[in-house]
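For reference, the structure is listed below as C-alpha cells.
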There are 2 protein chains.
Amino acid sequence: MGSARARIAIDAMGGDHAPAEIVAGALRAREELDVEVLLVGDSSQIEAALGQQANSFPIEIVPSEGTIEMHEEPLSGIKRKPKASINVAMDLVKQKRADAVVSAGHSGAAMAAALLRLGRLKGIDRPAIGAVLPTILADKSVLLLDVGANVDCRPKFLEQFAVMGSIYSQYVLGVAEPKVGLLNIGEEPGKGNDLAIRTHQMLEQNQKISFVGNAEGRDILSGNFDVVVCDGFAGNVLLKFAEAVGEVMLQILKEELPQGLHGFMGVALLKPNLKRIKQRVDHAEHGGGLLLGVAGICIISHGSSQAPSIFNAIRLAKEAIDHQVLERISSNYHQPAAPAAEVE
Amino acid sequence: MGSARARIAIDAMGGDHAPAEIVAGALRAREELDVEVLLVGDSSQIEAALGQQANSFPIEIVPSEGTIEMHEEPLSGIKRKPKASINVAMDLVKQKRADAVVSAGHSGAAMAAALLRLGRLKGIDRPAIGAVLPTILADKSVLLLDVGANVDCRPKFLEQFAVMGSIYSQYVLGVAEPKVGLLNIGEEPGKGNDLAIRTHQMLEQNQKISFVGNAEGRDILSGNFDVVVCDGFAGNVLLKFAEAVGEVMLQILKEELPQGLHGFMGVALLKPNLKRIKQRVDHAEHGGGLLLGVAGICIISHGSSQAPSIFNAIRLAKEAIDHQVLERISSNYHQPAAPAAEVE
C-alpha cells in the first residue's frame, strides 16, 4: 500500500503471440523498469508461460474468460463477453487497481472496451489512436494521430487531437515545444479537402499548441514535425503503408544485397550495420500507440508484438503515468477560458 | 504526312531542371523510340539546350511565352497566361498537331490546362491522376489513383477511376485482367469511412472491372492489386509519403551501411547491388502519372524529373497512344447498357 509504483494491467491473451511473448515482455519490464504488472488472462495458460519464473517471483494473475477474436465486431464482442481479458483489464483501471492497460489484441475491441468501461475525458469528443514513427533523423520520431479510431472527422476533433498529441509529445516523448502539423496535400493554408481547410483555420488560432502549418506526405518523416494530425482514415492507411514499406525495403535488401560473390561477402561484412538498419525501420521497436482521450491510459500494441514490443509498450505506459498525461489533458479543458481582453 | 508515328508535345519549360534535362530526355526518346517530339517553350533557351544536336537533327520547336510558376494558383495562371508552355502544348493536341502532352511543370496547372483546352471525356465527371508504384514483386507495379486531382470525392467518381484505371493497367501497363482494389482501413466490405463503404457497393456491382475488395495501406505494395482507387487527398498523401520513404530508406542505408571498417569494405563490394536497389525504389524510374479522363493524353511527370524520367514519361505517352487508351475509355461509356435480363 502507499506505493507510488506504476501498476500496469497486461492483456496477456491479446495478440498473435499471446500469452508466451506477452508474458515474457511483462516479466522483463518488471525486472528492468520500476513497475508492477498484473497479468490478465487464462490462469493456467499464463502459469504455463511463466514456467519456473512463477515460483521465484510471485506475480499477480487476474483471471479472465475468453478474448475478442480478430474477426469479431468489436462493440458487440465487448458487450457479449464481459469477462474477456480486455474488459477485465479495463475494469482494473476503473477500480483503481491498475494505472494503465497494455494490449496487443483487437485494437477496435480495446478502444470499445476503453470507451464503455472508462469513458471519455471531459472536453474530448472523440478519442484518437496515436502512433510513433521514426523519421529521417536518427534521434527524432513523429507522433501521427488519429491512425484509425475515427474514420469520419470534424475539424474540432482534429483540433482536440492536436492538443492531446502535443501533451503526449511533450510529456511522454520529451519534446520541449512540439511542432504540430496538419496532414495535407500542399503547404499553403487554402489547400486540401474541406476538412483540412477548415481545420487549418482552427489550428492557426489555437493558443495551446505550436502549429507550424501543413505537413505533406513527404514531410511526415522529415523530422520537421513532432505531431501530425489527420482523420483516422488517412492516418490508418498511412501507418499500415509505412509499416509495410519498412518490410518491403528490408525484403528488397535481402533479395538484392547478397547477389553475386561480392554481394555475399559484402553482406557478411555488413551484418551488424544491417541489424541497426532493421532496428531503425522496424515498427516492432516502437512499442505501440496510445489511445488518447479516454479516462485511462491504454497502450495499443501491434497484433504481431513479441516480447521486446510489449516491453516497450509497458515503458510507454509508465512514462504516461509518471508524467500525468491524463491530468494534463483534462486540466487543459477545465481551465477557465481567459477573458478576451487578456488574449493577445 | 500520313505517318502513324506518335507525335508528342513536350513542355520544355516545366520542371526543376527545365529546359536542359527535358530536352535531353526528349532527344533520347526520339532516338530510341519511334516518336516525333515537339519542344514547346522559349526558342532561344531550347536551342541553347539542344546545342550542336540542333544542327545534326532538325527538331520542331513550338514557341511559347512564360510558364505557370509553382506558387501560382493553377486556374488563374492558366487563364492569365494563354501562351504559357503548358497551354500551347495542350493546344497542339486540340489542333491534332500532337497526340499527347508530357509536362514536368506545375501539375495543378497541367490539369487545369487540360480541362480548359481539351475538356473531359464523355461519361467522366472528374479526371484523375494515376501514379505507378513499384511493389514487393520485382516485375509488378501498381497503379494508384487519384493521387491529387480531386480532394473531395463521391462514390461514382471512384467508380470511374476504377474503370479508367483498369483500362490503363490493361492496355498501357500490359496486365491481362487488372485486379482492382479500394483503398480502405479494413478488409471487410462494411469497413471504412462513408465514401469507402458506399464505393465498395458500387465497385462490387460493376461488371466492367475485376474488383477484388478492399486494399489496406499494407496491401498496396503487396503485388496483390494492379489498380487501387482512392480519393485524391489520401492518394496524394500516400504518393508523397511513398516517394519520401524511398529517399529516407536510401538515406538510412547511406548512413548506416558504411559504418566501421567492415562497413566501408562491405559497401565497396556492394556498389552494383546498391545501385539496383536504388533503381527499384527510386520514383524517377517510373516516369510519371497519366491524367485520365480528359480528352487527350497527358503525362504529368514529377517536378524533379531529369532526362531518364522524361524519357520514361514519353515512353508511357507512346504506349497510351498506341493502345488507344482514350478511345477505349470513351467507348466504355458509350456502349449501350446491356438489357437487364442478359446481365448475370
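The values are calculated or read from the model by the stated rules, or taken from the named source; none is laboratory data. Everything numeric in this text was worked out from a predicted model, so none of it was measured. A quick note on method: Cβ atoms are made from the backbone with ideal geometry, for glycine too, and the neighbour counts reach across all protein chains shown. Accessible surface areas use protein heavy atoms only, side chains included; no ligands, DNA or RNA. Shrake-Rupley method; radii C 1.70, N 1.55, O 1.52, S 1.80 Å.
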ask   = Just wondering, is there one or more residues in segment A:183-197 that are in contact with a helix residue (DSSP H, G or I) (Cβ under 8 Å, 6 or more places away or on another chain), in contact (Cβ under 8 Å) with a residue 12 or more places away in the chain, within 17 Å of A:Thr135 (Cα to Cα) and not polar (S, T, N, Q)?
value = yes
key: Residue that is in the same structural domain as B:Ile297 (by TED's automatic domain parsing) and surrounded by 14 or more Cβ atoms within 10 Å (Cβ to Cβ), where the choices are B:Glu31, B:Glu21   = B:Glu21
note = Counting only residues in segment A:1-18 that are open to solvent by 10 Å² or more (accessible area, probe 1.4 Å) and touching a strand residue (DSSP E or B) at 6+ places or on another chain (Cβ under 6 Å), the one modelled with the lowest pLDDT is identified as A:Arg5
request  = Determine which member of the set B:Gln306, B:Gln324, B:Gln335 is open to solvent by 10 Å² or more (accessible area, probe 1.4 Å), under 30 Å from B:Ile209 (Cβ atoms) and at pLDDT 90 or above.
outcome  = B:Gln324
request  = Please work out which one of (1) over 21 Å from the mean Cα position of the chain (by Cα); (2) under 26 Å from B:Ala242 (Cβ atoms) is the condition A:Arg154 fails and give its number.
outcome  = (2)
query = Hey, among A:His106, A:His71, which residue is within 13 Å of another protein chain (Cβ to nearest Cβ), without any contact (Cβ under 8 Å) to a residue 12 or more places away in the chain and not aromatic (Phe, Trp, Tyr)?
reply = A:His71
message = For the condition touching a helix residue (DSSP H, G or I) at 6+ places or on another chain (Cβ under 7 Å), of a type in the set (D, E, K, R) and closer than 18 Å to B:Ile300 by Cβ, what is the one hit in B:Glu47, B:Glu21?
response = B:Glu21
task = Return the residue satisfying two criteria in turn: it lies in segment A:220-271 and is open to solvent by 30 Å² or more (accessible area, probe 1.4 Å), charged (D, E, K, R) and over 23 Å from the mean Cα position of the chain (by Cα), and of such residues it is farthest from the other protein chains (Cβ to nearest Cβ).
result = A:Lys254
note = Note on segment B:180-225: residues of a type in the set (A, V, I, L, M) and more than 20 Å from A:Val248 (Cα to Cα) are B:Val180, B:Leu182, B:Leu195, B:Ala196, B:Ile197, B:Met202, B:Leu203, B:Ile209, B:Val212
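Suppose we filter A:Glu159, A:Glu187, A:Glu177 for residues that are at pLDDT 95 or above and assigned to a loop (DSSP other than H, G, I, E, B); which single one remains?
Among A:Glu159, A:Glu187, A:Glu177, only A:Glu177 is at pLDDT 95 or above and assigned to a loop (DSSP other than H, G, I, E, B).
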remark   = Just one listed residue, out of A:Ala242, A:Ala268, is at pLDDT below 75 and among the aliphatic types (A, V, I, L, M), and it is A:Ala268
Boolean, A:Gly165 is buried (at least 24 other Cβ atoms within 10 Å of the Cβ) and more than 7 Å from chain B (Cβ to nearest Cβ) = yes
query = What number goes with the only condition from (1) open to solvent by 10 Å² or more (accessible area, probe 1.4 Å); (2) touching a Leu at 6+ places or on another chain (Cβ under 8 Å) that B:Gly174 does not pass?
reply = (2)
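When you check A:Glu69 against the structure, is it within 25 Å of the chain's Cα centre (by Cα), among the charged types (D, E, K, R) and open to solvent by less than 80 Å² (accessible area, probe 1.4 Å), yes or no?
no
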task = Give me a count of the residues in segment A:84-123 that are open to solvent by 10 Å² or more (accessible area, probe 1.4 Å), in a loop (DSSP other than H, G, I, E, B) and closer than 20 Å to A:Val37 by Cα.
result = 6
ask   = Looking at segment B:167-180, is at least one residue hydrophobic (A, V, I, L, M, F, W, C), touching a helix residue (DSSP H, G or I) at 6+ places or on another chain (Cβ under 6 Å) and under 30 Å from B:Val88 (Cα atoms)?
value = yes
request  = Assess whether B:Lys94 counts as being more than 30 Å from B:Glu243 (Cα to Cα), out of contact with any Asp or Glu (no Cβ under 9 Å at 6 or more places or on another chain) and of a type in the set (Lys, Arg).
outcome  = yes
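Answer with yes or no whether A:Val147 is within 14 Å of chain B (Cβ to nearest Cβ) and closer than 21 Å to B:Ala244 by Cβ. Can you show your working first?
Values: within 14 Å of chain B (Cβ to nearest Cβ): yes; closer than 21 Å to B:Ala244 by Cβ: yes.
In short, yes.
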note = Picking from A:Ser107, A:Ser64, the residue that is closer than 23 Å to A:Ala29 by Cα, in contact with a strand residue (DSSP E or B) (Cβ under 7 Å, 6 or more places away or on another chain), modelled with pLDDT under 90 and small (Gly, Ala, Ser) would be A:Ser107
inquiry  = All but one of (1) under 27 Å from A:Leu239 (Cα atoms); (2) touching a residue at least 60 places away in the same chain (Cβ under 8 Å) hold for A:Val93; state the number of the condition that does not hold.
reply    = (1)
message = Tell me yes or no: at least one residue of segment B:129-140 is buried (at least 24 other Cβ atoms within 10 Å of the Cβ) and over 23 Å from B:Ser330 (Cα atoms).
response = no
